[in-house]
Every structure is written in C-alpha cells, then in structure tokens.
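A.B. asks: Below is the structure I would like to discuss, written out as structure tokens.
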Amino acid sequence: MNAVVADESGIPELSDGVVTLRVFQRADAADYAALNRDPVNVRWANSRARMTAGEAEAAITGAIPEGWSSGHTRRFAIVDSAGALVGTTALHNVGQGSASLGIKLAADARGKGLARRAAKLMADYAFDILGLAVLHWHAVVGNTASRRLAEHLGFTLEGTITGYSNVAGAPADAWILTLTAQGRLAPAMVVPVLRGDTVVLRALDRRDADELVANCLDPAAVQWTTVPLNYSRADALSFINDFVPKGWTGGETHTFAVADSRTDALLGTIDLHNFRPGSAEIGINMGPQSRGTGAAAAAAHLLLDYAFSGLALQYVYWRALLPNWASRKLAWKMGFRLEAQLRGFSDDRGMPTDAWILTLADSDPRQPQQPWDGARAGDAGSLGEVPGPQGPDTNEAAQLYAAKRRG
Ligand SMILES: CC(C)(COP(=O)(O)OP(=O)(O)OC[C@H]1O[C@@H](n2cnc3c(N)ncnc32)[C@H](O)[C@@H]1OP(=O)(O)O)[C@@H](O)C(=O)NCCC(=O)NCCS
C-alpha cells in the first residue's frame, strides 16, 4: 500500500516503500541544480542547462512553494530509500478536474523502475486525493522513454501536436497522452500520513483493530459519534478493510489513524468527509486514554494543514451534537468560530438531534478568536460530561445511550 506523509507545511509525502515524494528542502539545492543541468533533462524536459545551486535554492524557497499555495503547480522531490534526491515530478495546470504530469530523473537513477514508481504515486495522488478526473502527459516527439513510461501507467496516446513543446528554445512537436480516473490500472489507496511532534496521522491498519474497538465502545464515542452500538472486532475490521479504503479511493472520506508518534499505538481516528467544492467536515474520535493530553489538538492541526495546504480547501466545518462541550471546546481552541446551533440538524442514529456548527477558513488564525463562553468541565451546566478512563463500562454506556434515546 502506498503511504503519504506530510510535514508541517501540509504538503503530502507519498511513498510506496521504495520511492518517496516529499517537499523540496533548501538542502536539495545543489542536487536539484545538477538534475536540471543533466543533458537528457535539458534535451527532453526543458530543463535549464546552466542552473546554479543559488537559482535552485531560489526555486525551492520561491516558485515551488508558491505553486503549492496557489495549488496550480505541485512539485515534489523524488528520493530513494537511502534518502537521496533522484528526481522531481510535478502536476502542472492543476484545476478544473485535470492536470499535466511531468517527471525527470537524475542520470544515475534511470533504468531502475524509480520513475514508474514515482509517476504511479503521482497518478494515485492526483486521482485519489485531489479527485482529478484526467491527467495529461506530453513528451517531445522522439522521447520514447517518456512515452513508454506513460503507457506503462495506462496513459493512451491521443495524438501529436505541432510545436506544443520546445527544445533548445525552438518549438518542438509533442505526443499527448491521457489517463482518466476510470481508465487507470488498479486504483490504489493512497493514504496521507501527517507527521507531528507528538502524533502521526497514518493509514489505519489491522493491527489497530483492538484499540479501535476499545475507543468505539467508550461511552463518549457512543454518545457523541455515529459508531455502531456494541462495537465489535468485526465492525473494526470492516471499517479498516472496507469503509476506509473505499473512502480514500472514491474520495468521499479521508480517514486517518491518529497514532502516538513514538510508539505508533492507535490513539484515535480523525477524518475529512462531506466534501463539497472547497470545503469538508472534520470528524474525530479519540480514545479515552488520550483525552486531555493535547493529542486531539495536535491531530486536528495536522489534519487542518492537510485540508488547507494539501487539498487547498477554503473552509473546514466542525459539527458537534449538543451538548458535546469537549468537542466544541477543542474546535474553539483550533480557532473555529461558532456559526449556528441548528435544531434537529444531525442524524443521530435515526433521530434528528440539535447540532453546533463551527467553521474555520484557510486564512483564519489557529487560536481562539474570542474568550471561552461555554460550559467548563465539572460545571453544573456541562451536561454530557465526557467520561475518562474511569467512566462507565460499555454496557452501561449502551444503556445510557438507550435511555437518552427513550428521552
Ligand atoms: C472531542 C474530543 C476529540 C476532544 O478531545 P480532548 O482530548 O478531550 O480535547 P481537549 O482536552 O484538548 O479539549 C477539550 C476541552 O473540553 C473540556 N471539557 C471536556 N468535557 C467537558 C464538559 N463536559 N463540559 C465542558 N468542558 C469540557 C476539557 O476540559 C478541555 O478543556 P481544557 O483544555 O480547557 O481543560 C474527545 O473528547 C473525544 O474523542 N470524545 C469522544 C468522541 C467525540 O465527541 N468526538 C467529536 C464528535 S463532534
């Protein structure tokens, strides 16, 4: 399975275990310049024959991050399993459901299957994470290695366009190939894993099943989320093996495990769902042991970086059933602002239930925007207090829930 890891910039890092696509760093400047000066890249990939390390650094600190923040050009460094920079790949003209995929490798990295791996990761990223429908590939006529690579990935030659590329400053004819989301070979689940100091968001795995069961049996999860009642190992496995992969490949739901970055143990889950143009909704369920530790806030920050920088969303919504004060307060800590309290807005296992709706825009500060005016833990008004590890056991939780349903 492919994995995607992002740093604090929110730019994903894609890996298949052999090749990793990551954000460019200043330290790559000399290698990036050398890669561009390579005569094969100059000939076929419009690279600059005289690029200096200074110019490469200017690109790494200027044009490349600018491309990410506009979302229009998404350029990655390709590194091998030893961490060496072996190439670069980019999506150009990203928008309106399509993009153009480009790649170039350093001379000594060619012929090892690395380009195919890197381009596959890019195609999966484009389709599964960005939700694009079509990818284009153009190669200067005569660049058979590039055309073959595209065809190996499932691209189909559409035709030749006169003067669409250029070589040595002059127009050159180009082969144009396309790949559609439906037409590609075996779609893979590409899962962003976002690394922070204390937590890592990564793909859920079968090894998480027991912790997931415990977290979903917890009374607060039963009360405030839509997890199935009497959550079983079979529920967990179906979630891990079926629901989550389908969400990623179809693009409807991006679910992550929240794991301890030191031990990799599962602490909870967090997701983006209800995608609409430019927005999505956040969902979070942290296990009782991790509540109050800051893990939820760390996970939410990583997810928000991914949503705004990685997916270029403009708004993230946070919805909490009333009166889930822990959830609302966490959202408040992240800078979300309360927009509305809507009667019966949420479907709580078939019952219309009142909800708080909070929003955060990409440019909003990630800190409280006004003093906290809600309930405080332990207040008489803090109904629905979230039980900690010593809270009621599972059966009690189900009974409590049933009593709540009966009103
Ligand atoms: C909601 C959830 C993710 C928050 O994570 P967390 O680790 O508890 O969050 P934090 O401790 O950082 O922040 C919660 C705040 O709410 C406060 N709080 C908790 N229960 C409260 C209550 N009943 N009344 C008022 N405040 C409460 C906490 O004291 C804390 O505030 P503080 O940091 O000022 O002390 C977690 O509690 C959880 O997973 N709950 C079960 C599932 C759930 O409710 N998911 C959200 C669905 S919208």
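A.B. asks: Only one of (1) closer than 27 Å to Thr180 by Cα; (2) within 13 Å of the ligand (Cβ to nearest atom); (3) touching an Asp or Glu at 6+ places or on another chain (Cβ under 6 Å) fails for Thr255. Which number is that?
C.D. replies: Status for Thr255: all satisfied but (2).
A.B. asks: Out of all the residues in segment 93-144, which are surrounded by 22 or more Cβ atoms within 10 Å (Cβ to Cβ), of a type outside the set (D, E, K, R) and either assigned by TED's automatic domain parsing to the domain that holds Thr249 or in a helix (DSSP H, G or I) (or both)?
C.D. replies: Ala115, Ala118, Ala119, Leu121, Met122, Ala123, Tyr125, Ala126, Phe127
A.B. asks: I'm checking my understanding of the structure. Among residues of segment 353-374 that are farther than 13 Å from Lys329 by Cβ and either touching a Pro at 6+ places or on another chain (Cβ under 7 Å) or among the small types (Gly, Ala, Ser) (or both), which one is farthest from the ligand (Cβ to nearest atom)?
C.D. replies: My answer is Ser363.
A.B. asks: Only one of Arg195, Arg202, Arg207 is over 15 Å from Ala296 (Cα atoms) and surrounded by fewer than 23 Cβ atoms within 10 Å (Cβ to Cβ). Can you tell me which? Spell out how you get there, then give the answer.
C.D. replies: Numbers: Arg195 fails: over 15 Å from Ala296 (Cα atoms); Arg202 fails: over 15 Å from Ala296 (Cα atoms).
None of the others qualify; the one that does is Arg207.
A.B. asks: When you look at Ala214, is it at pLDDT 90 or above, more than 18 Å from the chain's Cα centre (by Cα), hydrophobic (A, V, I, L, M, F, W, C) and within 15 Å of the ligand (Cβ to nearest atom), yes or no? Spell out how you get there, then give the answer.
C.D. replies: Working: at pLDDT 90 or above: yes; more than 18 Å from the chain's Cα centre (by Cα): yes; hydrophobic (A, V, I, L, M, F, W, C): yes; within 15 Å of the ligand (Cβ to nearest atom): yes.
Taking the combined requirement at face value, the residue satisfies it.
A.B. asks: Would you mind finding the one in Val227, Val258, Val244 that is farther than 30 Å from Leu132 by Cβ and surrounded by 17 or more Cβ atoms within 10 Å (Cβ to Cβ)? It would help to see each step written out before you state the result.
C.D. replies: Numbers: Val258 fails: farther than 30 Å from Leu132 by Cβ; Val244 fails: farther than 30 Å from Leu132 by Cβ.
Of the residues listed, the single one that is farther than 30 Å from Leu132 by Cβ and surrounded by 17 or more Cβ atoms within 10 Å (Cβ to Cβ) is Val227.
Results for (1) buried (at least 17 other Cβ atoms within 10 Å of the Cβ); (2) modelled with pLDDT of 95 or more; (3) in the same structural domain as Thr293 (by TED's automatic domain parsing), shown as yes or no for each residue.
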site: Leu330; (1), (2), (3): yes, yes, yes
site: Gly344; (1), (2), (3): no, yes, yes
site: Asp348; (1), (2), (3): yes, no, yes
site: Pro352; (1), (2), (3): no, yes, yes
site: Pro365; (1), (2), (3): no, yes, yes
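A.B. asks: Of the residues that make up segment 151-160, is at least one of a type in the set (S, T, N, Q) and part of a strand (DSSP E or B)? Let's see the steps before the verdict.
C.D. replies: Start the filter on segment 151-160 by keeping residues that are of a type in the set (S, T, N, Q), which leaves 156, 160.
Next cut, part of a strand (DSSP E or B) only: 156, 160.
Checking segment 151-160: at least one residue is of a type in the set (S, T, N, Q) and part of a strand (DSSP E or B).
A.B. asks: Would you check which residues across segment 296-321 are surrounded by fewer than 23 Cβ atoms within 10 Å (Cβ to Cβ) and closer than 16 Å to Ala259 by Cα and list them?
C.D. replies: Passing the criteria: Ala297, Ala298, His301.
A.B. asks: When you check Ser69 against the structure, is it of a type outside the set (Phe, Trp, Tyr), assigned by TED's automatic domain parsing to the domain that holds Asn143 and either more than 21 Å from Val190 (Cα to Cα) or in a helix (DSSP H, G or I) (or both), yes or no? Full working, then the answer.
C.D. replies: Working: of a type outside the set (Phe, Trp, Tyr): yes; assigned by TED's automatic domain parsing to the domain that holds Asn143: yes; either more than 21 Å from Val190 (Cα to Cα) or in a helix (DSSP H, G or I) (or both): yes.
So Ser69 passes the test.
A.B. asks: What single numbered condition from (1) on the phi < 0 side of the Ramachandran plot; (2) at pLDDT 95 or above fails to hold for Pro277?
C.D. replies: Of the numbered conditions (1) on the phi < 0 side of the Ramachandran plot; (2) at pLDDT 95 or above, the odd one out for Pro277 is (2).
A.B. asks: Also: Quick check: is even one residue across segment 345-361 assigned to a loop (DSSP other than H, G, I, E, B) and under 30 Å from Arg74 (Cα atoms)? I'd like the intermediate steps shown before the answer.
C.D. replies: Initially, segment 345-361 is screened for residues assigned to a loop (DSSP other than H, G, I, E, B), giving 349-350.
Still in the running and under 30 Å from Arg74 (Cα atoms): none.
The answer is no, given that none of the residues of segment 345-361 is assigned to a loop (DSSP other than H, G, I, E, B) and under 30 Å from Arg74 (Cα atoms).
A.B. asks: Could I ask something else about it? Looking for something over 22 Å from the mean Cα position of the chain (by Cα), more than 6 Å from the ligand (Cβ to nearest atom) and more than 19 Å from Ala375 (Cα to Cα) - is there at least one such residue anywhere in segment 313-333?
C.D. replies: The answer is no; no qualifying residue exists.
A.B. asks: Could you grab me the full set of residues in segment 234-246 that are under 18 Å from Gln182 (Cβ atoms) and either touching a strand residue (DSSP E or B) at 6+ places or on another chain (Cβ under 9 Å) or of a type in the set (Gly, Ala, Ser) (or both)?
C.D. replies: As a first pass, look at segment 234-246 and keep what is under 18 Å from Gln182 (Cβ atoms): 245-246.
Matches in segment 234-246: Pro245 only.
The values are calculated or read from the model by the stated rules, or taken from the named source; none is laboratory data. None of these values were measured; they are calculated from a predicted model. So basically every Cβ, Gly included, is an ideal-geometry build from the backbone, and we count neighbours across all protein chains shown.
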